[in-house]
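Please treat every number below as a calculation from the coordinates, not as lab data. The structure displayed is predicted, hence computed values, not measured ones. Backbone-built Cβ (ideal geometry, glycine too); neighbour counts: all protein chains shown.
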Amino acid sequence: MSPTVRSKKAGITAALVLLPLALTLSGCGGGSAASESPTANSAAPLHSMLPQSIQSSGTLNIASNVEYPPFETFDTDGTTVIGIDREIADALEKKLGVTIKFNNISFDAIIPGLASKRYDMAMSAMSDTLERQKQVDFVDYFTAGAGILRTVENPKHAATLDDLCGLKVGIVKGTTETEDADAQTKKCLAAGKPALDATIFPGQNQTILALNTGRVDVVLLDSTSGSAVAKDSGGKLEMLKPYQAGPFGIVFPKGSTELQKAVQKGMEEIAADKTYGKILVKYGQDQGAVTEFPINGGKQ
């Protein structure tokens with residue numbers, strides 16, 4: 001998933017669903033204790049690498065769209081954040097000696113929130129792209145690809161992007177799949193076929209609901225999250241193989257070099273002590289593991 005706030009593309013009908021999206025502050029360390037007083041641990045191995053303001057506050061406030069399993073979702077209590085990103089954050093807390101708090105916001109609000117310095121960084125399975133690098137910086141930590149999520153019944157026989165001409169396609173607002181749909185619409189029109197009838201939804205939950213209720217024929221979605229959705233669908237949905245791949249990154253305000261270097265070093269250390277690999281294996285996502293954690297490694 002992925003971005004800047006994208007404008008509507010030619011050939012795509014972007015109908016934003018008017019559903020409220022609550023901004024929920026969830027707790028740290030796998031809990032929901034937003035009221036807990038954070039305590040910095042200056043003895044942690046990488047604490048001194050952090051900016052002085054974060055060392056003093058003892059807290060890293062991060063933005064995340066917490067409806068993107070297996071990377072982040074709410075546990076059954078509706079407040080505790082669980083998933084790959086939360087467990088990586090738990091491991092980074094031990095290295096950095098600060099509390100990492102997740103703030104649940106809409107995906108398309110993440111980059112503006114970082115640009116305004118409302119948040120220190122973001123963890124939300126965001127694709128590192130050249131377009132986004134104009135506004136934010138990334139420490140890449142995973143490789144994934146966009147793909148097609150469809151019903152098992154698949155009455156429109158959608159199997160590839162070329163099959164989507166004229167179909168109703170659901171997309172999460174602000175993700176790179178919006179650009180994919182735009183590019184495919186141009187291909188369809190050039191071939192004398194109808195454009196994609198794309199609907200942009202404010203969040204993943206609304207997008208999947210639209211697929212389950214027949215409002216859209218397919219959904220364009222990152223394959224890692226799509227696989228988790230399909231697994232939990234009771235055999236009703238299936239995720240196809242990715243049609244393209246690229247890096248996910250932890251996201252930072254432009255120029256926050258000290259923090260980026262500290263988090264990059266933290267990722268290297270939790271990879272070296274096997275924590276990173278164990279987390280990905282736990283969630284069945286070890287195929288996306290990387291061996292290096294470059295800054296702004298996205299090339300597309």
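Relative contact order of the chain: 27 percent, from C-alpha pairs under 8 Å at least 6 residues apart in sequence. Here each label is just a point 7 Å from Cα along the line to Cβ, and for Thr291 and Lys241 those points are 2.3 nm apart. Each stretch of four or more DSSP H residues adds -39500 (n - 2.57); spread over every residue of the chain, this sum gives -8000 deg cm²/dmol at 222 nm.
Across the chain, the longest piece that holds none of the GluC sites (Glu not before Pro) lying in DSSP loops with up to 15 other C-beta atoms within 10 Å covers 154-291.
Summarising the label geometry, the points placed 7 Å from Cα in the beta-carbon direction at Ala183 and Glu268 lie 3.2 nm from one another. Placing unit charges on each Cβ (+1 for Lys and Arg, -1 for Asp and Glu) gives the chain a dipole about its Cα centre, and among Leu92, Ile250, Thr178 the Cα reaching farthest toward its positive end belongs to Thr178.
Taking every DSSP beta bridge that has both ends in the chain, the antiparallel portion is near 65%.
Only Cα pairs under 8 Å and 6+ residues apart enter the sum, and on that basis the relative contact order of region 145-244 stands at 46 percent.
A straight Cα-to-Cα reach below 17 Å connects Lys173 with the lysines Lys8, Lys9, residues fewer than 8 places away in its own chain not being considered. Protection proxy ranking, highest mean first, for peptides 139-146, 53-60, 205-212: 139-146, 205-212, 53-60, where packing is the per-residue count of other beta-carbon atoms within 10 Å, averaged. The alpha-carbon of Lys231 sits under 15 angstrom from the alpha-carbons of these aspartates and glutamates, leaving out residues fewer than 8 places away in its chain: Asp222.
Across the cross-link table entries Lys241/Lys278; Lys94/Lys117; Lys187/Lys254; Lys186/Lys241; Lys117/Lys236; Lys94/Lys241, which are compared at the Cα atoms, the separations over 31 Å belong to Lys187/Lys254; Lys117/Lys236; Lys94/Lys241. Between Lys231 and Gln135, the C-beta separation translates, for a Förster distance of 22 Å, into a calculated FRET efficiency of about 0.05. Annotation: aspartates and glutamates with alpha-carbon distance below 15 angstrom to Lys168 (same-chain offsets under eight excluded): Glu177, Asp180, Asp182, Asp197, Asp217.
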